[in-house]
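One structure is given here, and the rest of the page talks about it.
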Amino acid sequence: MTEVQHREEVIHFCRLLHQRGYLASADGNVSVRLCQKRILVTPSGVPKAFLGPDDLLVVDREGKVLQGRGTPTGELPMHLAVLRARPDVKVVIHAHPPSTIAVSLHRRLVLDRVLPEVILDLGRMVVVPYARPGSEALARALEQQISRGDGVILERHGTLTVGRDLLEAYALTERLEHAAHVLWMANALGRPSQLSEGEARVLEDLHEQNRRRRTACVE
Ligand SMILES: [Zn+2]
């Protein structure tokens, strides 16, 4: 894919994230590794519904702007840390989906014990404890956690998912928010039942097998 195509695809997914209600205004951010030294990122302060391809910036691995006007997202340290920790992925999507944020405020609501698809797609969920958005502390916490799976929940903040392309990372955001919505509704009806520990472990094993198979194909 050319850089122009990557830019158009980022805009498409930013609008989709906004249309689906997974972020509001200028919230959330997307990065795409174009090559080892060039990363395409969304800018700071521009609502995702109104972003155009020329608003995106190219930065290096240290976050220095190589191309573009404006300022890169204030949450760039988090993206750089994740891309450093996961050389196997090309895309990072960070969103603020409301149901997932709501669930993250209730520690007794555990997302990976609700629907089998969540475990099959994401393995055991990680909730990264609150750290200020855009801070180095959040970047460091993510650097440690993102090797455990392709999606994490940021307490009081949102989601961060990775993928080999935008569709893969976006699909995981959608998966998380859908599961959080189901958990929210089930909780409104009373205390939801959970998958048994034994079934959860079988699903986790299946997830691991698929992950290994996928990595082997890449290699
Ligand atoms: Zn954020």
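The figures follow:
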item	result
Selection within region 1-29 - free of Cβ contacts under 8 Å to residues at least 12 places away in the same chain and either among the β-branched types (Val, Ile, Thr) or in contact with a helix residue (DSSP H, G or I) (Cβ under 7 Å, 6 or more places away or on another chain) (or both)	2
Residue selected from region 86-116 under the condition in a loop (DSSP other than H, G, I, E, B), of a type in the set (Val, Ile, Thr) and over 15 Å from residue 30 (Cβ atoms), by the criterion nearest to the ligand (Cβ to nearest atom)	110
Any hit, region 82-97, residues being over 15 Å from residue 156 (Cα atoms), out of contact with any Asp or Glu (no Cβ under 6 Å at 6 or more places or on another chain) and free of Cβ contacts under 8 Å to residues at least 40 places away in the same chain	yes
Single match in 32, 46 (criterion: in a strand (DSSP E or B), β-branched (Val, Ile, Thr), more than 15 Å from residue 97 (Cα to Cα) and touching a residue at least 24 places away in the same chain (Cβ under 8 Å))	32
The one condition in (1) touching a strand residue (DSSP E or B) at 6+ places or on another chain (Cβ under 9 Å); (2) more than 29 Å from residue 62 (Cα to Cα); (3) away from the ligand (no atom under 16 Å from the Cβ); (4) of a type in the set (Asp, Glu) that residue 177 fails to fulfil	(3)
Yes/no for residue 182 being in a strand (DSSP E or B) and touching a residue at least 60 places away in the same chain (Cβ under 8 Å)	no
Region 65-81: number of residues that are part of a loop (DSSP other than H, G, I, E, B) and either touching a residue at least 60 places away in the same chain (Cβ under 8 Å) or buried (at least 22 other Cβ atoms within 10 Å of the Cβ) (or both)	3
Yes/no for residue 99 being touching a His at 6+ places or on another chain (Cβ under 7 Å) and among the small types (Gly, Ala, Ser)	yes
Contacts under 9 angstrom Cβ, first residue in region 144-163 being closer than 20 Å to residue 13 by Cα, partner assigned to a strand (DSSP E or B) and away from the ligand (no atom under 16 Å from the Cβ), 6 or more apart	150/163; 151/126; 152/126; 153/126; 161/91; 162/91; 163/91
Every residue from region 1-29 that is assigned to a helix (DSSP H, G or I), under 19 Å from residue 78 (Cβ atoms) and either within 13 Å of the ligand (Cβ to nearest atom) or of a type in the set (Val, Ile, Thr) (or both)	10, 17
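Just so you know, all these numbers are worked out from the coordinates, no wet-lab data involved. Note that the coordinates shown come from a computational prediction; the quantities given were computed from them, not determined experimentally. Counting neighbours? That spans all protein chains shown, and the Cβs are built from the backbone with ideal geometry, glycine included.
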